[in-house]
Amino acid sequence: MSPYALSMLMSSLAMGTIITLSSSHWFLAWVGLEINTLAIIPLMTKMHHPRATESATKYFLTQATASALLLFSSTMNAWMTGEWTIMDMNSYTPTTILTIALAIKLGIAPFHLWLPDVLQGLDMMTCLILSTWQKLAPMALLILTSHQLNTNLLILMALASAVIGGWGALNQTQMRKIMAYSSIAHLGWMTLVISFAPGLALLNLMIYLMMTSSMFVMLMILNATNMNKLSISWLKTPTLAASMMTGLLSLGGLPPLSGFLPKWLILQEMTKHHLGALSAVMALSALLSLFFYLRLSYMISMTSPPNISNANLTWRKKNDLSLINPILVVLSTMLMPITPMLLM
């Protein structure tokens, strides 16, 4: 792809998200989401492969459906209340339709089926953008309207996402599908707490963005798209393989890594609201996710292929991503000490 076209698409992506984040009017927010969707589709199809075209088509159809629902809910709300302001969603039907629209946009269960298939057909850089940057605008709208949404519906979707995100990745061997199910599970945790403590959902989103970015950057450096390629990474770059192991354990939520911090605070918040049984189910669903993260960690660090790999030694190559990777690894594994400051 031409650098000029790429820079234009990336600036359109940034502009779409910024328009949505800074708007207080539903129509402007919808325009921002549309610019976002239209800017990423050429990035998806730049590989000129049938799988990439299929992914772009699936993504376009799901996002167009979600955008239509969002516009319908905001129009219905304006018809009922005479207000186009984002903070004024008081009627039951528009808020329910809005929740469903944003769930489709984000890939929250039971509207998650498009996400693993779409990611599997894309290259790693587009997967990174789709798993991180594209979550910002819909999640901002969800946080802004969280006090008006149906809490029971959000809790049900959160439980479904956490269970399906853990269950779905158990039999996967492709790294992009595993990261898609990981995204679904993390979105479940954010959706659970968003009605009770939106600030905590925002913290969870920030830590999720750091962990997912570091994982995708490491996968790009290693050029690993499945578990077999991951198992020979120890021979190529031992340091990076060790970093990836800690990154995976952080995604699983093991203490004392960064990934444990949002889970711990969310469970604490849930028990404050006397939702002990719900907290227990969410903690058990986290064990499902932890199983496949542990399986990947074991594959990276404790298995070596029977013959010496003939692959090029990655550490001999100069890679632009190698500069940003240490910062992302530190952020995604070592944020636990700031917990007292957050609790203040």
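Some observations on this one:
- Most fluctuating residue given options MET282, MET44, MET334, as computed from a GNM of the chain linking Cα atoms under 10 Å: MET334
- Divided by 2.2 N^0.38 Å, where N counts the residues, the Cα radius of gyration of the stretch 107-153 comes to 1.38.
- Just the protein heavy atoms count here, and of the accessible area of the chain at 1.4 Å, carbon and sulfur take up 70 percent.
- Among SER279, SER11, SER243, the residue with the largest mean-square fluctuation in a Gaussian network model of the chain, with springs joining Cα atoms closer than 10 Å, is SER11.
- Rounded, prolate or oblate (a/c below 1.5 giving rounded, otherwise prolate when a/b exceeds b/c) for the chain by Cα gyration tensor: oblate
- The value of relative contact order for the stretch 158-275, using C-alpha pairs under 8 Å at least six residues apart, is 24 percent.
- Dipole of the chain computed with +1 at Lys/Arg Cβ and -1 at Asp/Glu Cβ about the Cα centre; of ILE18, PRO238, ALA78, farthest Cα towards the positive end is PRO238.
- Taking the Cα centre of the stretch 3-343 as reference, the dipole from Cβ charges on Lys and Arg (+1) and Asp and Glu (-1) amounts to some 960 debye.
- Dimensions in Å of the stretch 50-196 - Rg and Dmax from alpha carbons: 15.6, 51
- With at most 15 other Cβ atoms within 10 Å, longest stretch of the chain clear of loop trypsin sites (Lys or Arg not before Pro) (DSSP): 1-316
- More than 18 Å apart - percent of Cα-Cα pairs taken over the stretch 216-262: 31 percent
- Accessible surface for the stretch 3-343, divided over its residues, is 43 Å² per residue with a 1.4 Å probe.
- Pairwise Cα separations in the stretch 145-219 fall into 5 Å bins from 0 onward with the following percentages, short to long: 3, 17, 23, 22, 18, 10, 5, 2, 0.
- With a Cα cut-off of under 18 Å and a minimum spacing of 8 residues unless on different chains, the lysine pairs in the chain number 12.
- Max mean-square fluctuation residue, GNM over the chain, Cα-Cα springs under 10 Å, options LEU153, LEU200, LEU122: LEU153
- Taking 7 Å steps out from each Cα toward its Cβ at GLN174 and VAL281 produces label points 3.1 nm apart.
The values are calculated or read from the model by the stated rules, or taken from the named source; none is laboratory data. A quick note: this is a predicted structure, and the numbers were derived from the prediction, not measured. Methodologically, a virtual Cβ is constructed for each residue, glycine included, from the backbone with ideal geometry; neighbour enumeration extends over all protein chains shown. Surface areas here come from the heavy atoms of the whole protein model, side chains and all, with no ligands, DNA or RNA. Shrake-Rupley method; radii C 1.70, N 1.55, O 1.52, S 1.80 Å.
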